[in-house]
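Since the structure comes first, as structure tokens, the remarks are kept for the end.
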Amino acid sequence: AYSKMDRHDEAVAACKEGLSKPDTKPWTAQLNFNMGLALYGKYVAVENFEGTREAELYFAESMKHDPKIDQNYFFIGMINQYVKGDSK
């Protein structure tokens, strides 16, 4: 919800808190995806496209836990496009 309101720092903090809890195993893939999404939004909002590489790590981790979350592939593709400079 924080990401949808462009409150990216709060979204990142909420995801970090969720990922730090030991009982979140069933939600690990979704929490990593949400963290990647929050970081992606944060960096794209300030046009720090190189910073989106941090988000890529969380999308990749999410894919390890659940390869069926297809948005991970989309955002990794977008990050690679941004960082290579193909988006300009």
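The values are calculated or read from the model by the stated rules, or taken from the named source; none is laboratory data. None of the values given here were measured: they were computed from a predicted structure. Methodologically, a virtual Cβ is constructed for each residue, glycine included, from the backbone with ideal geometry; neighbour enumeration extends over all protein chains shown. In case anyone asks, the SASA skips ligands and DNA or RNA and just uses the protein heavy atoms, side chains included. Shrake-Rupley method; radii C 1.70, N 1.55, O 1.52, S 1.80 Å.
Across Asn34, Asn72, Asn48, mean-square fluctuation computed from a Gaussian network of the chain (C-alpha pairs under 10 Å connected) peaks at Asn48. Pick out which of Tyr58, Tyr40, Tyr73 has the largest mean-square fluctuation in a Gaussian network model of the chain, springs linking Cα atoms closer than 10 Å. Fluctuation is largest for Tyr73. To put it simply, the accessible area of the chain at a 1.4 Å probe is 54 percent carbon and sulfur.
For the range 15-54, the residue among Pro22, Gly51, Gly41 whose Cα projects farthest onto the positive side of the dipole built from Cβ charges is Pro22. Computed on protein heavy atoms with a 1.4 Å probe, the accessible areas place Leu39, Leu19, Leu31, Leu57 in the order Leu57, Leu19, Leu31, Leu39, largest first. A Cβ-based charge dipole, computed about the Cα centre of the chain with Lys and Arg at +1 and Asp and Glu at -1, lands at about 120 debye. For the range 38-85, the solvent-accessible area with a 1.4 angstrom probe is 58 square angstrom per residue.
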